[in-house]
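Data first, discussion second: the structure below is written as structure tokens.
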Amino acid sequence: MHKILIVGGGSAGWMTAALFGKLFQGLYDVELVESEAIGIVGVGEATIPAIKKYNELVQLDEVEFMQRTQATFKLGVQFVDWWKKGHSYIHGFGVIGQDWEWLRCHHYWLRANQKGRARDFADYSINTAAALQNKFMHARSDMGDSPIGHIAYAYHFDASLYGRYLRGLAEQHGVRRTEGKIIDVGMHENGDIASVTLEDGRKIEADFFIDCSGFRGLLIEQKLETGYEEWTHWLPCDRAIAVPCERTGPLVPLTRATAREAGWQWRIGLQHRTGNGHVYSSRYIDDDAAEAVLLANLDGEQAGNPNRIRFTPGKRRKMWNRNCVAIGLAAGFLEPIESTSLHLVQSAAIRLVRLFPDGHTDEANRDEFNRQSDFEWERVRDFIILHYWANQRDDSDLWRHCRTMELPATLQRKIDLWRSNGRIFREDEELFSEESWIQVFLGQGVVPRSHDPLVGIKSDPQIEQFLGNIASTIDRCVQVMPDHAEYVRKYCQAEPVA
């Protein structure tokens, strides 16, 4: 094993290249081939806290990265009109309150809430409370058990600038970029990929191939015919339109997802502009009408041409097939309602490093990679489906369909357990924590019949004092936190973009 060829750039290609360049330096020859004539989707602008692990692996400087990508901070996702019109809630990162003995905070909240003696659930999370007041600061490790010591965050950034920034890092670590459009893929007699041929006749041979060619899956699908597992029966949205606008109003440290009649709209505030998009189902609205909905709901003046995207929710049947691994859109697509697109790139690249083959492709490593990938994608899928299913909207066919559709057995099991006694368990390192599931369940009206019976050990006055102390402590912490826009200006202000 000497040569690794990454086919395609964009965020997926350059995230993989930067990681491989850093970790494989001196061990493998890494090359990336891409064509400027082929556009990239480039609309992924929101992340989750796990991206900080990737940043550490490539030794990325946070201030420089944020300046170069016009980045801001993110404390969670705000969902507007998902449960019903006029209602909103926040899925905040990080902890909720604190455990009391061996029970999670939400069990005590369920007991107090049943008796009408609890504050809004958002008041027990430093992330959600701070985000609602546009406050932000880095966690302080010297604060002990203070909520300020447990602030979790991610980023909003310009995906095109991010890919450009990572390209620079990758090339510093020895990754070679080749410009060219691939017109043919050569094969070995055993069925492995041997080479790619460019439009100008150049042939590039390699031992191992990473397919980052986007939806078309140039290697994994067009050549290897791996197959695709479609999930449209659970996730009916199959179109998206993205467009930037001028930034107006406060710089909110939240991704905002607003439910629309036939889908939902995202809003992401960057330093230089606001990113917007409308994800929708072509069964319930046509493209022109969907674009009109998006443009009618921009915060500022439109700052670019709309980019229309077609997709099929689902994943490849095998993300590692023979000597080729698909990463990014070549591996599959799940709508970015919980900002998982770049995480799935990151986790695939890190998983491949952990299971990278030696001189031959060992079936045990390949099978384990595919097993872990399938598990991760299916659990993310379930979490996204929950947002659609748990609604009480009756204003459109899309929401009525989602409310009555049959659910995957893996999701139904979680719902049944939660409805019984408010219990939720994270399985086998799945992406979303118990806190994430709890906030979406409660935020979208799925309230358990009861709570853990061990709550009964504590008296009502004890529970009210416990919850009151948490909420009042968070109130005081938020009061001393700086404004998000001011914090960004002092910490990582970027140069203006022409």
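The values are calculated or read from the model by the stated rules, or taken from the named source; none is laboratory data. If you're wondering where the values come from, they're calculated on a predicted model, not measured in any experiment. Positions of Cβ are generated from backbone atoms using ideal geometry, with glycine treated the same way; all protein chains shown enter the neighbour counts.
Restricting the stretch 418-459 to residues that are of a type in the set (Val, Ile, Thr) and not in a helix (DSSP H, G or I), the residue that is farthest from the chain's Cα centre (by Cα) is 447.
Just the residues that are in a strand (DSSP E or B) and β-branched (Val, Ile, Thr), please, taken from the stretch 297-338. Result: 309, 325.
On the stretch given as the stretch 48-79, residues that are of a type in the set (S, T, N, Q), at pLDDT 95 or above and out of contact with any Asp or Glu (no Cβ under 8 Å at 6 or more places or on another chain) total 2. Condition check: out of contact with any strand residue (DSSP E or B) (no Cβ under 9 Å at 6 or more places or on another chain) and free of Cβ contacts under 8 Å to residues at least 24 places away in the same chain. Does residue 163 satisfy that? It is false that residue 163 is out of contact with any strand residue (DSSP E or B) (no Cβ under 9 Å at 6 or more places or on another chain) and free of Cβ contacts under 8 Å to residues at least 24 places away in the same chain.
Table: residues versus (1) over 30 Å from residue 484 (Cβ atoms); (2) in contact with a helix residue (DSSP H, G or I) (Cβ under 8 Å, 6 or more places away or on another chain).
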site	(1), (2)
33	yes, no
53	no, yes
56	no, no
75	no, yes
84	no, no
90	no, yes
96	no, yes
107	yes, yes
117	yes, yes
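Residue-level analysis places residue 270 outside the set of residues that are touching a Cys at 6+ places or on another chain (Cβ under 7 Å) and closer than 30 Å to residue 132 by Cα. The strands (runs of 3 or more DSSP E) falling completely within the stretch 170-283 that include 1 or more residues that are surrounded by 23 or more Cβ atoms within 10 Å (Cβ to Cβ) and within 21 Å of the chain's Cα centre (by Cα) map to 208-211, 239-245, 254-260, 263-269, 274-280. Taken together, 406, 435 contain a single residue that is of a type in the set (D, E, K, R) and crowded, with 16+ Cβ neighbours inside 10 Å, which is 435. Against the criterion of being part of a loop (DSSP other than H, G, I, E, B), surrounded by 22 or more Cβ atoms within 10 Å (Cβ to Cβ) and at positive phi, residue 116 does not qualify.
Using the structure shown, decide if residue 486 is loosely packed, with under 14 Cβ neighbours inside 10 Å, out of contact with any Gly (no Cβ under 7 Å at 6 or more places or on another chain), of a type in the set (Asp, Glu) and part of a helix (DSSP H, G or I). In short, yes. Please specify each residue of the stretch 121-155 satisfying the condition of being farther than 18 Å from residue 99 by Cβ, out of contact with any helix residue (DSSP H, G or I) (no Cβ under 7 Å at 6 or more places or on another chain) and modelled with pLDDT under 95. Within the stretch 121-155, just 142 meets the criteria. When we screen 363, 435, 368 for residues that are over 26 Å from residue 281 (Cα atoms) and modelled with pLDDT under 95, the only hit is 363. Counting residues in the stretch 17-31 that are under 22 Å from residue 339 (Cβ atoms), within 18 Å of the chain's Cα centre (by Cα) and not polar (S, T, N, Q) gives zero. For the stretch 275-311, the set of residues classified as under 11 Å from residue 243 (Cα atoms) and basic (Lys, Arg) consists of 308 only.
Being in a loop (DSSP other than H, G, I, E, B) and at negative phi is the filter; apply it to the stretch 101-113 and report the residue that is farthest from the chain's Cα centre (by Cα). Filtering the stretch 101-113 for residues that are in a loop (DSSP other than H, G, I, E, B) and at negative phi, the one farthest from the chain's Cα centre (by Cα) comes out as 102. For the stretch 362-395, a tally of residues being in contact (Cβ under 8 Å) with a residue 12 or more places away in the chain, surrounded by fewer than 17 Cβ atoms within 10 Å (Cβ to Cβ) and either small (Gly, Ala, Ser) or assigned by TED's automatic domain parsing to the domain that holds residue 29 (or both) returns 0.
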